[in-house]
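Q: Before I ask anything, here is the structure I am working with.
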Amino acid sequence: MSINAKRALVTGITGQDGSYLAEFLLDRGYEVHGLVRRSSTFGTQRIEHLYRDIHEMERPLVLHHGDMADGNGLARLIREIRPTEVYNLAAQSHVRVSFDQPAYTADVTAVGTLRLLEAIRDFQDAVGYQIRFYQASSSEMYGKVLETPQSESTPFYPRSPYGVAKLYAHWITINYRESYGIHGSCGILFNHESPRRGETFVTRKITRAAARIKLGLQKKLYLGNLDAKRDWGFAGDYVEAMWLMLQQDEPDDYVISTDETHSVREFSEKVFGRLGLNYSDFIEIDPRYFRPAEVELLLGNSQKARKKLAWQPRVSFDGLVDLMVDSDLALARKEQVLLAAGHETGLPNR
């Protein structure tokens, strides 16, 4: 394979961001390779639509079984694929779960990034051409925020094993950039959502439950801290910023955000209001959903990315709510049809 071809390796390709990034890269003529963990069940729902016209694509989408815990396997993949760009989106990405699985979160999210960087460094030393590397950093690294809004120069103070693991991955990328000349850029992405968001994340949990409540499939929604504030954007907008970082001559780090913040309460009010419901009639607080150490406020300052990358978010907060509610209402209607036909859906009726 020619090293001049646009060829990308995406870890975490089956996740929300990975699916949007794969679409984005395929549309731009890339040959896209994705890392997928071996499992007894299929976890590729978010990218299945990309295979519909796969035989007509100039550049294919190829999935490879692998794991961020397997350094030898990552090195072998880099040698076989010979990517021009690597996007590291793989992680144990649920903040609350990271308190229950801190060691696993550290191994995959933190040390997994080191393994991948080592594979890239060894390959570059052997072959002599540069791979451009994107690291998915996180606003959770700011944690107990020391200034508002948060920019690239704001000190970090992570408040979860996930935030700590992401901070290690962030700094090891910078270290390899400065020590070995790797073209590594970090995107400090603030919360970004979509209809493809996992159902255990608070925004999707709210839109999914509200749609089911609207159709009588669920009675209550249990949440934790309604006063936590986040800078929420649309995942489809944010993957463009990832790509733009790797098109720059010099690697750098960028905050990617909408530069506005909304509370979980406000998100809930918007979602239920979109369906003609009052959120306070259906939401109950459950202490199980509170974090041991809470992050109360995240608000980004993305002026550097807007100036240097010419990037800006296109989907507004209200537009994001509309996208997610419409999608989950359609899913709830399908579920309603299945239930009427006597099929089990496996979802709770509460």
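Q: Given the conditions (1) hydroxyl-bearing (Ser, Thr, Tyr); (2) at pLDDT below 90; (3) in contact with a Phe, Trp or Tyr (Cβ under 6 Å, 6 or more places away or on another chain), and given that Ser39 satisfies all but one, which numbered condition is not satisfied?
A: (3)
Q: Could you list, in sequence order, the residues of the range 147-171 that are surrounded by fewer than 20 Cβ atoms within 10 Å (Cβ to Cβ) and assigned to a helix (DSSP H, G or I)?
A: Answer for the range 147-171, where residues must be surrounded by fewer than 20 Cβ atoms within 10 Å (Cβ to Cβ) and assigned to a helix (DSSP H, G or I): Tyr168, Trp171.
Q: May I ask you to list the residues in the range 187-226 that are farther than 30 Å from Asn301 by Cβ, of a type in the set (A, V, I, L, M, F, W, C), surrounded by 22 or more Cβ atoms within 10 Å (Cβ to Cβ) and touching an Asp or Glu at 6+ places or on another chain (Cβ under 8 Å)?
A: Ala210, Ala211
Q: Which of the following residues is without any contact (Cβ under 8 Å) to a residue 12 or more places away in the chain and on the phi > 0 side of the Ramachandran plot: Gly128, Gly73? Explain how you work it out, then say what you get.
A: Numbers: Gly73 fails: on the phi > 0 side of the Ramachandran plot.
Selected residue: Gly128, the only one of Gly128, Gly73 that is without any contact (Cβ under 8 Å) to a residue 12 or more places away in the chain and on the phi > 0 side of the Ramachandran plot.
Q: Show the residue pairs meeting these rules: Cβ distance below 8 Å; 6+ apart or different chains; first residue within the range 197-209 and farther than 19 Å from Leu277 by Cβ; second residue at pLDDT 95 or above and of a type in the set (A, V, I, L, M).
A: Partner pairs satisfying both residue conditions: Arg197/Ala235; Arg197/Met324.
Q: Now for a different question. If you scan the range 224-283, which residues turn out to be within 20 Å of Gly143 (Cβ to Cβ) and of a type in the set (A, V, I, L, M, F, W, C)?
A: Selection gives Leu226, Ala228, Trp232, Val255, Ile256, Val264.
Q: Also: Assuming Lys144 fulfils every condition listed in (1) of a type in the set (Lys, Arg); (2) within 22 Å of the chain's Cα centre (by Cα); (3) under 16 Å from Val86 (Cβ atoms) apart from one, which condition is it?
A: Going through (1) of a type in the set (Lys, Arg); (2) within 22 Å of the chain's Cα centre (by Cα); (3) under 16 Å from Val86 (Cβ atoms) one by one, Lys144 breaks only (3).
Q: How do the pairs read when you match residues in the range 83-100 that are within 16 Å of Gly12 (Cα to Cα) and at pLDDT 95 or above with residues anywhere that are surrounded by fewer than 21 Cβ atoms within 10 Å (Cβ to Cβ) and among the hydrophobic types (A, V, I, L, M, F, W, C), using Cβ under 7 Å and keeping only pairs 6 or more apart or on different chains?
A: From the range 83-100, the pairs are Glu85/Leu246.
Q: Next up: Scanning the range 251-275 for residues that are without any contact (Cβ under 8 Å) to a residue 40 or more places away in the chain and not in a helix (DSSP H, G or I), which turns out surrounded by the most Cβ atoms within 10 Å (Cβ to Cβ)?
A: Thr261
Q: Considering the range 95-114 alone, what residues qualify as being farther than 19 Å from Val295 by Cβ and not hydrophobic (A, V, I, L, M, F, W, C)?
A: Listed by number, the residues that qualify are Tyr104, Asp107, Gly112, Thr113.
Q: Let me ask another. Of the residues Val321, Val295, which is part of a loop (DSSP other than H, G, I, E, B) and under 21 Å from Leu189 (Cβ atoms)?
A: Val295
The values are calculated or read from the model by the stated rules, or taken from the named source; none is laboratory data. The structure presented is a predicted model; accordingly, all values stated were derived computationally and were not measured. Here the Cβ is made from the backbone with ideal geometry for all residues, glycine too, and neighbour counts use every protein chain on show.
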